[in-house]
Amino acid sequence: MEREQLEDIEIQLLLEGVYRYHGFDFRNYALASLKRRIWNMIHNEGLTTISGLQEKILHDREYLERFLFNLSVNVTTMFRDPDFFLTFRQKVVPILRTYPFIRIWHAGCSTGEEVYSMAILLKEEGLYHRSRLYATDINDTVLRKAKSGIFSLKLMQEYTANYIKAGGKTSFSEYYTAAYGNAIFSSELKENIVFSLHNLATDNSFNEFNVIFCRNVLIYFNKALQSRVHTLLYDSLVRLGVLGLGRQESIKFTPHEKDYEQIVGSEKLYRKMG
């Protein structure tokens, strides 16, 4: 018991130090997930204690960068959960056709696969030219990768299968060029994407959006932070705007549960009615 208490104190001090000195707030992330990621980094760095990691992070910017990368959730694929994208194409695209200009926010975009997936979908539906996609993340390292639009060629078989299941209308290979073991996605897909740093734990709304995706991010937050983020997303959506969450996420028991209606509940797509 004493060891667990000491571990919790060390984690609290580490997160408080990172917040006070560097401005990154992980204090309301789910503790079990945090512990795993912190200990993974400690072992990878050849350290033995959380306090030892804290010293490195507070005095060495490179350690901070690696810390942010380790604590960020960077598991994503193109057209992840294909049924979600197929439902979006069938149910939400007709709504978007009624707008003269479309703003979409990908909150917690990680390395950008979901953003490029949406760019492809909008292009095929004839809407990309009047859309602006804002892709944000807390981690500058993953944002740089997202901006590059370069992914491993080994992943393209899986991504192609997802694309087809998501209702893709052409050959997926038309969207990238293969070179040196990588798939380099067309620069046209990046024309209307804005990549930017944004911290869901501390930053405020920066625009009004017709669609917001915050998929597979909230599950790593505790209840207090989930409530804060749900309010941020709600305030950032226009009336009748669309919210897309991850498979394991929900608007149930959130401050704005009654302010949405389900578009397709099984795919976690909701429309703001309040």
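The values are calculated or read from the model by the stated rules, or taken from the named source; none is laboratory data. This one's a predicted model, so the numbers in the text were calculated from it and none came from an experiment. Cβ sites come from the backbone with ideal geometry, for glycine too, and all protein chains shown count toward neighbours. For accessibility, only protein heavy atoms count, side chains too; no ligands or nucleic acids. Shrake-Rupley method; radii C 1.70, N 1.55, O 1.52, S 1.80 Å.
Computed quantities for the displayed model
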read-out: Charge dipole (debye, nearest 20) of the chain; +1 at Cβ of Lys and Arg, -1 at Cβ of Asp and Glu; value: 820
read-out: Stokes-Einstein D in µm²/s, Kirkwood radius over Cα pairs - the stretch 184-274 at 20 °C with 1.002 mPa s viscosity; value: 153
read-out: ³J(HN,Hα), Karplus 6.51/-1.76/1.60, whole Hz, each residue of the stretch 129-140, x for Gly, Pro; value: 5, 10, 10, 10, 9, 9, 10, 10, 7, 7, 10, 5
read-out: Helix-only [θ]222 nm of the chain, DSSP H runs n ≥ 4, -39500 (n - 2.57) each, per residue, nearest 500; value: -11500 deg cm²/dmol
read-out: Between helix 61-71 and the chain: long-axis angle, C-alpha atoms, 0 to 90°, nearest 10; value: 60
read-out: Between helix 223-236 and the chain: long-axis angle, C-alpha atoms, 0 to 90°, nearest 10; value: 30
read-out: Per-peptide average of other Cβ atoms within 10 Å, ordering 212-225, 2-15 highest first; value: 212-225, 2-15
read-out: Contour minus Cα-Cα distance for L127 and S173 (0.36 nm per residue); value: 14.5 nm
read-out: Reachable aspartates and glutamates from K56, criterion Cα separation under 20 angstrom, eight or more residues apart if same chain; value: E7, D8, E10, E16, D25, E45, E65, D140
read-out: Partner aspartates and glutamates for K165 [C-alpha distance under 19 Å; skip if fewer than 8 residues away on the same chain]; value: D81, D83, E113, E114, E124, E125, E174, E267
read-out: Among Q262, V18, G108 - extreme Cα towards positive end, dipole of the chain, charges at beta-carbon; value: Q262
read-out: Sulfur and carbon atoms: percent of accessible area, the stretch 1-153 [1.4 Å]; value: 50
read-out: Largest-first principal axis extents, alpha carbons of the chain, Å; value: 58, 51, 29
read-out: By average C-beta atoms within 10 angstrom, highest first, the peptides 172-182, 81-91, 111-121; value: 111-121, 81-91, 172-182
read-out: Among H106, H59, H198, residue whose mean-square fluctuation peaks in a GNM of the chain (springs only between Cα atoms under 10 Å); value: H59
read-out: Gaussian network model of the chain, Cα within-10 Å springs - most flexible of V92, V142, V264; value: V264
read-out: Across K91/K272; K190/K252; K169/K190; K223/K268, pairs whose alpha-carbon gap is larger than 24 Å; value: K190/K252
read-out: Span from the the stretch 74-127 Cα centroid across to the the stretch 128-158 one, whole angstrom; value: 13
read-out: Max mean-square fluctuation residue, GNM over the chain, Cα-Cα springs under 10 Å, options T77, T170, T141; value: T170
read-out: Per residue accessible area in Å² of the chain, where ligands, DNA and RNA are left out and the probe is 1.4 Å; value: 48
read-out: Where labels lie 7 Å past Cα in the beta-carbon direction, separation of S33 and L13 in nm; value: 2.6
read-out: DSSP bridge pairs, the chain: antiparallel proportion in percent, nearest 5; value: 45
read-out: Rounded tilt (10° steps) of 113-124 against the dominant C-alpha axis of the chain; value: 10
